[in-house]
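A short worksheet on the structure shown next.
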Amino acid sequence: MDMQETVSIPNFFQNKKLFITGGSGFMGKVLIEKILRSCPDVSAIYVLLRPKKGKKLEERVKEITDVALFDNLRIQRPENLKKIVPVFGDVSKLNLGLSLESTKQLKENINIVYHAAASVRFDDSLKDAILMNTRGTREVVLLAKEMKHLEVLIHISTAYTNTNKQIIEEKLYPPHVDWREAIILAENIKSKETLDILTQKYMNDHPNTYVFTKNMAEHVISDLCDGQIPAIILRPSIVTSSMTEPIPGWIDNFNGPVGMLIACGKGIMRTIYGEPDFVLDYVCVDLVIKGLIVATWVKAVEKDSEEKLRLNVYNGSKYNQVKQSLKNQFDLGKIFSWKYPYNNIVWYPTWNITKYYPVFLIKVYLYHILPALLIDMVLKLTGKKTNAIETSKKNFYSKYGFIILHDS
């Protein structure tokens, strides 16, 4: 690529129309804000939003933008907020649940597609995860391939799609299951319980339905895009709060390690199953989004037609730059939990990490189950809703274990 003949990134996005799935999610919001602020001449950003009972389109957009993340944009370029165009739909539905009018509008106008929507729940049923993460990706690709002015499709995956590999290269590995068969299975077995019986055997060595279905989604992109349309797969590692843009430390969810640290700080989680000396691979969301935008630009301005149609896979990681063990991270969390305590804590913020499963189970019963039973008993006697046992179950079955038992 001849850099002297290439337009700048803001100029490239000038008059472009984007379509984003997952725009109401963590990465989606940061992507929308960054483009509207740093590429101010973008024409429009169409955002796929699931309908909510009693909520108008404008109200759904307001839910996305009425957060501190957009404060700088409101000050610098308030008019750009009007460039967000909501589109009702649902990634888990066929044709993304779009109306005929919306489908036509997207096919005739969109230049760039960002597919960021996914269920990130580790304990999702296999059926729901396949329909959302795997079939949903297929539906996005099928729509994109009919867009008259498409320049590039970007699929946001995860660095953990190949958990059986010690070293993850920027390429696809042979699939364990054909994604087409998996979709047929999910569509035709009506009972979630029946499919759940097959889950462990069907997933082979994948630790949870999220990783399994995101792995298959990568092969959807490869099979339907490689050599056909310009496409990119981006695999970020554990995405956490922003480093600098647009504000330091911004995050809007309790997924992954952030949720665990908060649960520990509130005294809800008091024992953790993991390898204390292992290093987890975190990457700040603003760095991921910058990489995503640069990758979009590089692919779209590529002049070699063969190279342009070749699928690119990028791993997004800071492992070689920043390393800190799981124990160190939680020790720091403990220090800050005592120095800056949370509101409404249920126990003193004290916790420990163990790599021995039998010891972990004993501690779960002593520190989680028994106190939860007592709390629920008191709540029941006072006529209040009981949920302590349910919270303990979610902590136990969340399956973060794979990530914190494996060195990045």
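The values are calculated or read from the model by the stated rules, or taken from the named source; none is laboratory data. Owing to the predicted nature of the structure, the values given are computational and were not obtained by experimental measurement. Glycine also receives a Cβ, built like all others from the backbone with ideal geometry; neighbour counts cover every protein chain displayed.
The one condition from (1) of a type outside the set (Phe, Trp, Tyr); (2) modelled with pLDDT of 90 or more; (3) within 14 Å of Asp281 (Cβ to Cβ) that Asp304 does not meet is (3). Residue count for segment 309-364 under the criterion of being in a helix (DSSP H, G or I), among the hydroxyl-bearing types (Ser, Thr, Tyr) and either assigned by TED's automatic domain parsing to the domain that holds Ile221 or loosely packed, with under 13 Cβ neighbours inside 10 Å (or both): the result is 1. Of the residues examined, Lys127 is one that is assigned to a helix (DSSP H, G or I) and crowded, with 20+ Cβ neighbours inside 10 Å. The set of residues from segment 226-254 being without any contact (Cβ under 8 Å) to a residue 60 or more places away in the chain, in contact with a helix residue (DSSP H, G or I) (Cβ under 7 Å, 6 or more places away or on another chain) and surrounded by fewer than 19 Cβ atoms within 10 Å (Cβ to Cβ) comprises Ser241, Met243, Thr244, Phe254.
Of the residues making up segment 201-245, those that are assigned to a strand (DSSP E or B) and either within 13 Å of the chain's Cα centre (by Cα) or not assigned by TED's automatic domain parsing to the domain that holds Asn312 (or both) are Leu234, Arg235, Pro236, Ile238, Val239, Thr240. Figure legend. Inter-residue proximity from segment 7-18: first residues assigned by TED's automatic domain parsing to the domain that holds Leu150, second residues modelled with pLDDT of 95 or more and exposed (fewer than 14 other Cβ atoms within 10 Å of the Cβ), beta-carbon distance below 6 Å, spacing 6+ or different chains. Indicated pairs: Gln14/Asp41. The set of residues from segment 103-123 being hydroxyl-bearing (Ser, Thr, Tyr) and either assigned to a strand (DSSP E or B) or out of contact with any helix residue (DSSP H, G or I) (no Cβ under 7 Å at 6 or more places or on another chain) (or both) comprises just one member, Tyr114.
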